[in-house]
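Student: Pasting a structure below so you can have a look.
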2 protein chains.
Amino acid sequence: MFYLIGLGLGDATDITVKGLEIIRKCDKVLLEGYTSILTVGKDVLEEYYGRPLVLADRELCEGGIDDILQEASDKEVALLVVGDPLGATTHTDMLLRAKQMGVKTQIVHNASIMNAVSCCGLQLYNFGETVSIPYWTETWKPDSFFEKIVGNYSRNLHTLCLLDIKVKEPTEESLTKKIRQYMDPKFMSVQEAAVQLVQIIESNPNSGICKSSKAVGLSRVGALDQRIAAMSLDAMQTFDLGPPLHSLVIPAPNLHPLELDYLAQFESAN
Amino acid sequence: MFYLIGLGLGDATDITVKGLEIIRKCDKVLLEGYTSILTVGKDVLEEYYGRPLVLADRELCEGGIDDILQEASDKEVALLVVGDPLGATTHTDMLLRAKQMGVKTQIVHNASIMNAVSCCGLQLYNFGETVSIPYWTETWKPDSFFEKIVGNYSRNLHTLCLLDIKVKEPTEESLTKKIRQYMDPKFMSVQEAAVQLVQIIESNPNSGICKSSKAVGLSRVGALDQRIAAMSLDAMQTFDLGPPLHSLVIPAPNLHPLELDYLAQFESAN
């Protein structure tokens, strides 16, 4: 059996009882460590679960998945994923591979940023499609996500922006070498996202979204030190929301009175 | 302290460890029983938690919330909510009231249908805004949600349709009487939703969505007896997906190859 278990957001205790019971009976437990992170590390989880964890990086999850699934054909194998296990395409792909190989699967759901974002008071059913904001490089500055934000905004919908994560990414130089070298992990902050967004806004003066448009920054959602701050995109460019993970929301132009009241408490804090 | 604790979907073990620990230390634990249901009842939860639960209906949550919050000002009070606690507006409102009254709050997130819907293989970031489909009556047949489905469809986005739930709803006759009488609980099936949708489609022949458009029905998401079935809206009108809760998805017209492959397994079953 192959289990995909969501760890939720926050710390070790955000796993469901169902998930924890499965971990404790499994022969092998892998921890997926490149699409998101908790506020605690692998060592804390190992102690809490009372089980050793094998760190599963992108290479293992994408290239070595057949070996893992093969093992799951006669053993109990779990892959732990931060948030909900089906937030990322990779895991849907794994389930399809498992089916093709005749390996049974079970999914244990949990909270993800896709629903927990509602902690800022913006109502989930007023969110349009979610976008991802990637880190720009000197030569690669994609902005296609902006069109989606504008599309949501023009229909009076909020946009959740998932911010880029670079964990165990090979350096550009090493791509041509035999020995892989990896970049230090980095997590896009709401500040960095706002800087990129303001650049796009300045190149698209008629989008309806401007520097003074409201933005809501969220950090460490689900943890006790979770922070939420609402301000203009302009102000967000220089605002420090503390340690990762961060997410950004571009609210709809016209908010429900309850949404306005709720957001107000995060404005006063700045 | 006032805790809002998500129970997730499925059964008693879908609560998080964090949530369970809080329940066990609370002075009073309320179970919100009118916006959604688990696959197990109050008695099963009470036995599992080892705690008596007070059933909180709409009247208590909306009218009597100040008394509950007053109690939470010097005691530990938890309100348990199926799914994620911030899926419904009512709970955001409670948190605002608590702040006004100076009562501390903590939210414990969990899976909700808003993210667990990805179990059908449609990618979460390709969903547009969520809609609710209400039960029609002889004299009241609202269809404003259809415009939103069409808006998503035309932008090649999926729509999650939350289906109506009637729990402890006063009968129409009793509204004018002194003694309240309540209807039997009822939960809209994907079949009932499809029947209403097809009627709307027939009155809107140029919407782009027709009877042969694809629909995905989901029942008891997160439970071991979860079912998913993909077929035309027309066929869905006579399809029985078993016991509640049900949800319906109207997929985007053009699907990603991985989404197509994944959905295919739910088509063969019909």
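Student: Could you calculate the contour length gain from B:Gln265 to B:Val54, that is, 0.36 nm times the residue separation minus the distance between their Cα atoms, to one decimal place in nm?
Tutor: Using 0.36 nm per residue and subtracting the Cα-Cα distance, I get 71.8 nm.
Student: Something else about it: I'd like the orientation of helix A:144-154 relative to chain A: the angle between its Cα long axis and the longest Cα principal axis, in ° from 0 to 90, rounded to 10.
Tutor: Long axis of A:144-154 versus the principal axis of chain A: about 60 degrees.
Student: Averaged across orientations, what area in nm² does the convex hull of the alpha carbons in the stretch B:2-111 project?
Tutor: The directionally averaged projection comes out at 5.7 nm².
Student: How big is the gap, in Å, between the Cα center of the stretch B:174-247 and the Cα center of the stretch B:115-137?
Tutor: If we compute the Cα centre of each part, the gap is 12 Å.
Student: Another question, then. Suppose the Debye formula is applied to equal point scatterers at every Cα of the stretch B:114-267; what is log10 I(q)/I(0) at q = 0.12 Å⁻¹?
Tutor: Ignoring solvent entirely, the Cα scatterers give -0.52.
Student: With everything on Cα atoms, drop me the angle between helix B:89-100 and the longest principal axis of chain B, reported from 0 to 90° to the nearest 10.
Tutor: Approximately 30 degrees, to the nearest 10.
Student: Then there is this: Please give the average number of partner chain Cβ atoms lying within 10 Å of the Cβ of each residue in A:12-21, rounded to a whole number.
Tutor: Per-residue shielding by partner chains comes out at 6.
Student: If you don't mind, there's one more thing I want to ask. In the stretch B:198-231, which trypsin sites (Lys or Arg not before Pro) fall in coil by DSSP and have 10 or fewer other Cβ atoms within 10 Å?
Tutor: Passing sites in the stretch B:198-231 do not exist.
Student: Let me ask something else. Add +1 for every Lys or Arg and -1 for every Asp or Glu among the other residues with Cβ under 15 Å from the Cβ of A:Val54, and state the total.
Tutor: -3
Student: Taking the Cα-to-Cβ direction at A:Asn204 and at B:Ala235 and moving 7 Å from each Cα, how far apart do the two end points lie in nm?
Tutor: So the two model labels end up 3.9 nm from each other.
Student: Starting from the stretch A:50-113, pick out the trypsin sites (Lys or Arg not before Pro) whose DSSP state is loop and whose Cβ has at most 14 other Cβ atoms within 10 Å.
Tutor: Answer in residue order: A:Lys75, A:Lys104.
Student: Got a sec to turn the phi values of the stretch B:61-76 into Karplus ³J(HN,Hα) couplings, 6.51 cos²θ - 1.76 cosθ + 1.60 with θ = phi - 60°, whole Hz, x for Gly and Pro?
Tutor: Couplings: 5, 9, x, x, 5, 4, 5, 5, 5, 4, 4, 6, 6, 10, 10, 9 Hz.
Student: I need to check one value: relative contact order of the stretch B:210-267, counting alpha carbon pairs closer than 8 Å and at least 6 residues apart, in percent.
Tutor: 39
Student: How big is the C-alpha Rg of the protein assembly as shown next to the rule-of-thumb value 2.2 N^0.38 Å, as a ratio?
Tutor: Its radius of gyration relative to the 2.2 N^0.38 Å reference: 0.96.
Student: I would also like to ask the following. What nm distances, shortest first, do you get from the label point of B:Gly50 to those in the other copies when the point sits 7 angstrom along Cα to Cβ?
Tutor: From this label point to the equivalent ones elsewhere in the assembly: 1.6 nm.
Student: If I fit a long axis through the Cα atoms of helix B:257-267 and take the longest principal axis of the Cα atoms of chain B, what angle between them do I get, 0 to 90°, rounded to 10?
Tutor: 80
Student: Can you give the charge dipole size of the stretch B:1-131 about its Cα centre, rounded to the nearest 20 debye, using +1 on the beta carbon of Lys and Arg and -1 on the beta carbon of Asp and Glu?
Tutor: 360
Student: Percent relative contact order of the stretch B:2-111, based on C-alpha pairs within less than 8 angstrom and at least six residues apart?
Tutor: 46
Student: Here's a follow-up. From the convex hull of the Cα coordinates of chain B, what is the mean projected area in square nanometres?
Tutor: Averaged projected hull area, Cα only: 15.7 nm².
Student: Tell me, what is the 1.4 Å probe accessible area of A:Thr137, in Å² to the nearest 10?
Tutor: 60
Student: Next question. May I ask you to report, in nm to one decimal and beginning with the shortest, the distances from A:Asn206 to the same position in the other copies, taking label points 7 Å along Cα-to-Cβ?
Tutor: 2.6
Student: Still on this structure, please answer the following. Calculate, in whole percent, how much of the Cα-Cα pair population of the stretch B:99-141 lies beyond 14 Å.
Tutor: 70
Student: May I ask you to derive the FRET efficiency for A:Ile179 and B:Trp140 from their Cβ-Cβ distance with R0 = 60 Å, giving the value to the nearest 0.05?
Tutor: Working: r = 69 Å, r/R0 = 1.15.
So, using R0 = 60 Å, E works out to roughly 0.30.
Student: Just report the Cα centroid separation between the stretch A:53-95 and the stretch A:1-39, whole Å.
Tutor: Each part reduced to its Cα centre gives a spacing of 11 Å.
Student: Once the convex hull of the alpha carbons of the stretch A:42-200 is built, what does its volume come to per residue, in cubic angstrom? Please report the intermediate quantities before stating the final value.
Tutor: On the way: hull volume 28.3 nm³, N = 159.
Expressed per residue, the convex hull around the Cα atoms of the stretch A:42-200 is 178 Å³.
The values are calculated or read from the model by the stated rules, or taken from the named source; none is laboratory data. Bear in mind that the values here come from a model prediction, so they are computed numbers and not experimental data. Cβ atoms come from the backbone with ideal geometry, glycine included; neighbour counts cover every protein chain shown. Heads up: the accessible areas ignore ligands, DNA and RNA and are worked out on the full protein's heavy atoms, side chains in. Shrake-Rupley method; radii C 1.70, N 1.55, O 1.52, S 1.80 Å.
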